[in-house]
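Visitor: The structure under discussion is supplied below as structure tokens; questions concerning it will follow.
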Amino acid sequence: MRSFLSSVLSKRLNSCHREKIQSASGMRQLPGTLRFLAASESGESQTSGLTPTARLGLRAKPVPRNVSLSDVNPMKKTSVIMLICLLAGSAGCGGVPDFGGGASVVPDVTFVAADSEAAAVSDAPAESFGTAASGEPGTFTGKVVMTGSVTALPPLFRQGAAIKDPAVCAAVDVPDERLVLGDGNAVKGVFVYLNKAPKNGKALEVPAEPFMFDQKNCRFFPHCVIIPVGQMVKVLSDDSVAHNTHTYPQKNPSVNSGVAPGDREGKLDFTYRKAESVPLSVKCDYHTWMTAYQLPVDHPYAVVTDENGAFSISDLPPGKHSFVVWHEAADGGFVERKFAVEIKSGETTEMQIDYPSDRLKL
Amino acid sequence: MSMTPSLKPLALAGLLSVVAATVGCSDTAFESSFVYSEGTLSLMREAQAGTKENPGVKTLLDDRFGDPQHLKAWEKLPIDFGGTMTSVETVVESGDGKKLVILTVQEGMALPEKAVSVQFVSGACSGETVQVAKWNPKTGEATLAAVPGKEIAAGDTCAIDRGAGLSSGRMLYMRHCSHCHGTTGDGNGPTARYMTPKPRDYRNGIFKFTSTNDMSKASRSDLSRIVKYGIPGTYMPSFLLMKDDEHHAIIEYVRFLSMRGEYERKLVAELSSDYSQNAYDSRLKSGEKKAEIQKELDEFLAEDLKESAGTLGDDLAEIWSAADTDEAVIVPSVPRVPDTPESRRHGRELYLSKTLNCADCHGIDAAGNGPQTIAFEKNPAKSDELYNEPGLHDIWDNLNQPRNLQMGMYRGGRRPIDLFSRIHAGIKGSRMPSFKNTPHEDIWHIVNYVLSIPFETDPGATGIAPIAAESVAAPAAVTAPAPE
Amino acid sequence: MKKFWALFFFFWPTVAIISCLIAPSRGWWFPGAPMSRTGIQIDGLFYLILIIVTITFVATQYVLAYALWMGATKDPGSKAFFSHGSHKLEIVWTIVPSFILVFISLSQLDVLAEIRVISKFPEKATKVAEVTARQFEWRIRYPKPGSELTTEENPGDLYYVNELHVPTGKPVIINLRTQDVQHAFFSPQLRVKQDAVPGLVIPVWFDVLEVGTYDLVCAELCGWGHYKMKARIVAQSQGSVDKYLKELEAEQNEDGTKSEAAKTDDE
């Protein structure tokens, strides 16, 4: 390659070189590099030492004489046309398109008046009854019974198991509280409640004294509870290890705070301000199996079934009511979304709520 | 191609010009929009969009917050939307029919340098916005570009450039913040996918590093501190050099986005247990009729949701305003205990003790590798599904690594009061609980210990020997790191 | 037509020279007067090269313009002059520029050494801070007042971000590090520029002449925020710097119980 180039260069400096190039037919239009390579075409001896690519260059077809402007520079013409069309398009629409969006758009601000709606009417339930049309309040009692085949759950951990803080948390067997069955497959810990305070219902009485929420041997007591909105909940601990209480509500702010060992005063306290539509879980972050469920309500028509699966809700205004039946081990939580009950004036309606075992999701 | 070669560029040019014309002229071509949360999108269709008569979540949200090009400033919210409140002093009829209004401002306030528009708040012209043709900031003379419909009287209150703060906040936010935090403040901007830890999702209304107590929101000064000094150890840089008015505008806009997200979340909470798509499907399965559910939803939208729309706003206003009060700030009851070796030893004891259990997450040698970090956990908010990776998670479902205290990198600030606040109030949204019932002196001992950890020659060298292994053992198959 | 092209190629260099002459008065020039001692030397070198290059430029352009004009105004019929080149001319215009270049490279050696070679740093230079660049801010660490700055963090060190306080009137050293990618510590007014390389601690010294606030910008593309990676260098008297560090220390030891500071309000 080097010898080829040097021979080309030496020929270049030769004064009669220029005439040689011009004499080769049709070579005038070729770009510079080809001219170099083409120059040695006249010297046949040079081709033998050439690489294939260089030979290809020599074989480049000469450009025909009758060329027109559009073919020589197709790109130039296209780009001019495109530019004209683009400008025409944008000019036709009245200006260069507003590119960018985002930060370059100045937003306009419209003011929306603070609504003049009064503060919550729904917080306090309607007037207590006395309206004659309804009649005497009735009671709804019953039992939640699991139907279908079901076996009791074994304990979560046996006494002395190798779990965290075993001296305290595995001092006794740790039961699996997700499904606690009583006699005849009665289910404990099922929430039965009205979604909304009924019209003509009784007002909620908020106890002045706080509710004591305790924990012992790494279990919450009580496991399921109804808390009236506005009642203070004090968290106690009867364990010699630290716990932390972490609530997961939907409508109330979450609480996540440590509880000192052996705290019998309940230094940690909180109050629910809004009723929730489903019970919220309360967990301990250190001992992740510890769970409890609490349901803040703004009316008195909510209970949790006891160890016999029994419940009783009194002072219900007569009429049709639709109860929510909720259990932690049910698929989706709801055993029944609308358990219809007809309350007759002054009477007690007793019903059994069936909890099919195939609704369980353990 | 059947066309001759010379026609090809022409055709291409033609196509391009048509595209340019359509795209360039379209109003919505480059608009941004707020995204709706997962919660909203998991509701029934009618619950999301509402019906003709009754607004759904999306409608309520859009009516009160707007979209990024046309923002709505809901006066109920404690946000400084910008603008200067003034009142009309005199009205002068200028020669060419334009009205010249002289405005005065309250004691202690200043007339702004520029005035683009004037909104009348009280008086006959209340609600009208008029552009300002000429403004003299020294004398308060505003020449109005158009004549308002009714008479302007002296004493009418009006606002200059009302909403300008929100508007400029939005533009500054888009320039500086949105690529990480997203247009909606959902922490999902274009660059967020490359980041760990992820940028904050404002829509919970929760900010981690605050000086307020555990049940309060972040105050304006907390947000200001974060924006000014950044968060070391994360991708949040410091904006110290930003001008004060820009800084203020951005913070107000961030609060706006946060309140919007929270409002959406609260609306969804009202509906989700009964009217989410999943609930709808399970209700249909358990025998309820479609028409019944629809009717029930209509009633709910008409009565309950409309009512809640206002009260939820009130709640928001209350909690956010409360965050800026003195009561919300954590003030230790005792000054910091002197930073002596004894204090640090005591801090180490407390760290390892079962009362506080710090080592459970932060590890015996404070390397952030405690036993909690290796267990698989359940997500209580998602019906106890297991998380994909082991370890603790925060409410944004991100992996929440307990801080490695040996690094000396304190995200929320390295002042003693900052560390005190972290321990006292916990870190909101994360798994660091609050220890507000621990005596403040003890907290100071722990703070002294924590500040000394990066300079220890051996882990725990400033403290006593660690407590025996079995009290910090992890459950089941996981073995705890052996203490030295 | 030929005359047009001759004038065309004469016009643009003239425009270039005129632009350079009016540039300082229009502010198209240096970012302010040099505010550090090495800055003055660097500017001096710049001017030296500028003068040499200007002379060369004007001379060569004049010759070119002359040749063009002569060619343009030549009688079309006259025969071209073919030259076989001049060996002597080629030697001259190789040797002279090389001497000039060698001169330039030698004359800047001492300034380069002063800036870059650690053993040539001023003896009295004190280490005032460690500046760690990170995407997209500048983190500053001052040693505890009364202590020396070391490459390790020590208890009592003071931390800040995006604002560096240095004393004027004496040479100061900052240790430059980076937490993630390459950045560059660039202060245009102080004429200081040094790349920050991950893994290295690079001492950078400068001697600020006047009290003032100077820009510190990043000069090595480091990501999407590179363009706004700015900080302030605040040059004050030593007394003011000490006062500032004391205030910073007090702020850093803030425990929230002092009455007016209890609100931790920075606005």
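Visitor: Against the longest alpha carbon principal axis of chain B, how many degrees, from 0 to 90 and to the nearest 10, is the axis of helix B:8-25 turned?
Guide: Result, in degrees: 90.
Visitor: Ranked by Cβ crowding within 10 angstrom, fewest neighbours first, how are A:Asp176, B:Asp63 ordered?
Guide: The fewest-first ordering by Cβ neighbours comes to B:Asp63, A:Asp176.
Visitor: OK, next. With each pseudo-label sitting 7 Å past Cα toward Cβ, what's the C:Lys144-A:Asp306 distance in nm, one decimal?
Guide: 6.6
Visitor: Given the DSSP H assignment, sum -39500 (n - 2.57) over each helix run of at least 4 residues in chain C and divide by its residue total; what's the result at 222 nm in deg cm²/dmol, nearest 500?
Guide: Calculated at 222 nm, the ellipticity per residue is -13500 deg cm²/dmol.
Visitor: Give me B:Arg348, A:Arg158, C:Arg37 sorted ascending by neighbouring Cβ count inside 10 Å, so fewest comes first.
Guide: Listing B:Arg348, A:Arg158, C:Arg37 from fewest to most nearby Cβ atoms yields A:Arg158, C:Arg37, B:Arg348.
Visitor: A further question on this structure: As a quick test, which of the pairs A:Lys202/B:Lys290; B:Lys266/B:Lys290; A:Lys338/B:Lys306; A:Lys199/B:Lys285 have an alpha carbon distance above 28 angstrom in this structure?
Guide: Violating the 28 Å Cα-Cα cut-off are A:Lys202/B:Lys290; A:Lys199/B:Lys285.
Visitor: Still on this model: Is the C-alpha gyration tensor of region C:151-238 telling us rounded, prolate or oblate? Criteria: a/c under 1.5 is rounded; beyond that, a/b larger than b/c is prolate, otherwise oblate.
Guide: It is oblate, given that a/c is not under 1.5 and a/b is not larger than b/c.
Visitor: Quick one: which of B:Lys243/C:Lys127; A:Lys283/B:Lys378; B:Lys99/B:Lys134 span more than 20 angstrom between C-alpha atoms?
Guide: B:Lys243/C:Lys127
Visitor: Now, a different point. Counting only other chains, what is the mean number of Cβ atoms within 10 angstrom of the Cβ of each residue in peptide B:233-246?
Guide: Mean shielding by partner chains, rounded to a whole number: 4.
Visitor: Neighbouring Cβ atoms within 10 Å as the yardstick, rank B:Trp320, A:Trp289 fewest first.
Guide: A:Trp289, B:Trp320
Visitor: With a/c under 1.5 counting as rounded, go ahead and sort region A:263-362 into rounded, prolate or oblate using the C-alpha gyration tensor (a ≥ b ≥ c being the square roots of the eigenvalues; past the cut-off, prolate if a/b is larger than b/c, else oblate).
Guide: Taking the square roots of the gyration eigenvalues as a ≥ b ≥ c, region A:263-362 is oblate.
Visitor: Right, something else. Helix C:2-26 against the longest principal axis of chain C: what's the angle in degrees, Cα atoms only, rounded to the nearest 10?
Guide: Tilt relative to chain C: about 30 degrees.
Visitor: Shape of chain B from its Cα gyration tensor (a ≥ b ≥ c, root eigenvalues): rounded if a/c is under 1.5, otherwise prolate when a/b > b/c, or oblate?
Guide: prolate
Visitor: For the ranges B:406-416, C:51-61, what's the packing order if you count other beta-carbon atoms within 10 Å of each residue, average per peptide, and put the highest first?
Guide: Packing proxy ranking, top to bottom: B:406-416, C:51-61.
Visitor: Trypsin sites (Lys or Arg not before Pro) within region B:211-252: which are DSSP loop residues with at most 15 other Cβ atoms inside 10 Å?
Guide: When the trypsin sites (Lys or Arg not before Pro) of region B:211-252 are filtered for loop state and at most 15 Cβ neighbours within 10 Å, B:Lys243 remain.
Visitor: Suppose only helical runs count, i.e. DSSP H with n ≥ 4. What mean residue ellipticity at 222 nm does that imply for chain B under -39500 (n - 2.57) per run, divided by all residues and rounded to the nearest 500 deg cm²/dmol?
Guide: The per-residue figure over chain B is -11000 deg cm²/dmol.
Visitor: Report, in degrees rounded to the nearest 10, the 0 to 90 angle that the Cα long axis of helix C:37-72 makes with the longest principal axis of chain C.
Guide: 20
Just so you know, all these numbers are worked out from the coordinates, no wet-lab data involved. What you see is a predicted model; the values in this text were computed from it and never measured. A quick note on method: Cβ atoms are made from the backbone with ideal geometry, for glycine too, and the neighbour counts reach across all protein chains shown.
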